[in-house]
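Here's the structure we're looking at; comments come further down.
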């Protein structure tokens, strides 16, 4: 019995060792399960954070697409119209020197024409005044001759009357 007790003790010891090993393995597995559960929980928290970040990113993207993109298109259209207007102004500005030169030439031509017209007018006025003076002289000469003719007729009439009286 003693031998059997020894075997039983040995067997119990083996079983106790195995039980200790199994308990230790069970504890290790429990720790690993706890660690895995903690990781799963961390992943869930991380997943929630990532979903919030994704929602924020989607909201920002929607805001860009619905608010900023149309504003950007409007801005581009406005910039294009400004650019076109500036180009038109630039073209007009490039024409200005030629226009000013043309206007200066036109003014010189107008001044020359005016000076020529004033000169011709002056000559015409002198001619007019000369003709008016000649007309006045001719009228005075005509009036003088008419007076002389009347005087001659009157003198002839007086002479004839004196001659008729003297007869």
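When a/c reaches 1.5 or more, the comparison of a/b and b/c decides; with that in mind, is segment 59-117 rounded, prolate or oblate per its Cα gyration tensor? It comes out prolate by the Cα gyration axes.
Using the Cα gyration tensor of segment 23-103, with a ≥ b ≥ c the square roots of its eigenvalues, what is the shape: rounded (a/c below 1.5), prolate (a/b larger than b/c) or oblate (neither)? Since a/c reaches 1.5 and a/b is larger than b/c, the shape of segment 23-103 is classed as prolate. The P(r) of segment 87-145 has a tail past 14 Å containing 73 percent of all C-alpha pairs. Our estimate of slack between residue 21 and residue 88, defined as 0.36 nm per intervening residue step minus the Cα-Cα distance, is 14.8 nm. Mean residue ellipticity, 222 nm, helices only, the chain: the sum of -39500 (n - 2.57) across DSSP H runs of n ≥ 4, divided by residue count and rounded to 500, is -36500 deg cm²/dmol. Give the angle, between 0 and 90 degrees and rounded to the nearest 10, that separates the Cα long axis of helix 69-166 from the longest principal axis of the Cα atoms of the chain. Here the helix axis deviates by roughly 10 degrees. So what's the gap between the Cα centers of segment 89-167 and segment 19-82, to the nearest angstrom? The two parts, judged by their Cα centres, are 108 Å apart.
To the nearest ten degrees, helix 2-63 and the longest principal axis of the Cα atoms of the chain are 10 degrees apart. The ellipsoid that matches the Cα gyration tensor of segment 36-149 has semi-axes, each √(5λ) in whole angstrom, of 102, 14, 6, with the longest given first. The eigenvalues of the Cα gyration tensor, multiplied by 5 and square-rooted, give segment 1-67 an equivalent ellipsoid with semi-axes of 62, 5, 4 Å from largest to smallest.
None of the figures in this text is laboratory data; all of them are computed from the coordinates on show. If you're wondering where the values come from, they're calculated on a predicted model, not measured in any experiment.
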